[in-house]
Structures are given as C-alpha cells and as structure tokens.
Amino acid sequence: MLLHRRYKSLDRNTLPWLRASYHFRVDAEGNPEHSALGPLYVWNDDEVAVGAGFPMHGHRAVEIVSYVRHGVLQHRDSLG
C-alpha cells in the first residue's frame, strides 16, 4: 500500500549539522497519523552538513539504504 505523506506534514528535527524530516512518528510528540509501515524501521529525509555526520553507532539487525540527491555520502558504523 502506498501512502502519500505531504512534506509539510512530516515531523522535523534540526541540529547544527543535520536537518531531518521524519516520514514515521519518532516520539510521542510526533504526528500520530504517521505510524511505521511494516518492517521498514526508519525513513528520513536528512540534510547533513559537509564534513559532519552521525557519531559512531551500531545497527541491530537493520540494513541501511541511502539515496543521495545531491553531493557525496560516506557511511561508517560499528560493522565497518
């Protein structure tokens, strides 16, 4: 099933190095209409500042898929 979630309806978080828009409800304050879709764990539209990114972190039984719209992305995690 496809659900259309308008960009303006997405929850957001802004850090000095990251602008994130969440397609899924991340916390209790989030849009209650945006529940997760089956086994898909996270779906974000992230804008990451040049030379910045997430600190080292682990992934527990999840696969990361990144679609880069502009620029270059490098991903390192506890699995290497």
Requested in this report: Using the Karplus curve 6.51 cos²θ - 1.76 cosθ + 1.60 with θ = phi - 60°, work out ³J(HN,Hα) for each residue of region 10-26 in order, rounded to whole Hz, and write x for Gly and Pro.
Outcome: 6, 6, 9, 9, 10, 10, x, 10, 8, 10, 10, 10, 9, 7, 10, 5, 9
Query raised in the report: So what J values fall out for region 69-78 if you push phi through Karplus, 6.51 cos²θ - 1.76 cosθ + 1.60 with θ = phi - 60°, rounded to Hz, Gly and Pro as x?
Result: 8, 7, x, 10, 10, 10, 10, 10, 9, 5
Report task. Select from 52, 71, 18 the residue farthest towards the positive end of the dipole of the chain; place +1 on Cβ of Lys and Arg, -1 on Cβ of Asp and Glu, and compute about the Cα centre. Result -> 71
Report summary line: For residue 20, placing the label point 7 angstrom along Cα-to-beta-carbon and taking region 49-73, residues whose amide nitrogen sits under 11 Å are 54-55
Report task. Report, to the nearest whole %, how much of the accessible area of the chain belongs to carbon and sulfur atoms, 1.4 Å probe, protein only. Result -> 55 percent
Requested in this report: Run the dipole for region 1-50 about the Cα centre, Lys and Arg Cβ at +1, Asp and Glu Cβ at -1, nothing else charged, and hand back the magnitude in debye, nearest 20.
Outcome: 160 debye
Requested in this report: For a quick protection proxy, order the peptides 55-66, 2-13 by their average other-Cβ count within 10 Å, most packed first.
Outcome: 2-13, 55-66
Query raised in the report: In square angstrom, what is the accessible area per residue of the chain with a 1.4 angstrom probe?
Result: 90 Å²
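The values are calculated or read from the model by the stated rules, or taken from the named source; none is laboratory data. Note that this is a predicted model, so its numbers are computed, not measured. Quick reminder, even Gly has a Cβ in these numbers, built from the backbone with ideal geometry, and neighbours come from all protein chains shown. Calculation scope for accessible area: heavy atoms of the full protein, side chains included, ligands and nucleic acids excluded. Shrake-Rupley method; radii C 1.70, N 1.55, O 1.52, S 1.80 Å.
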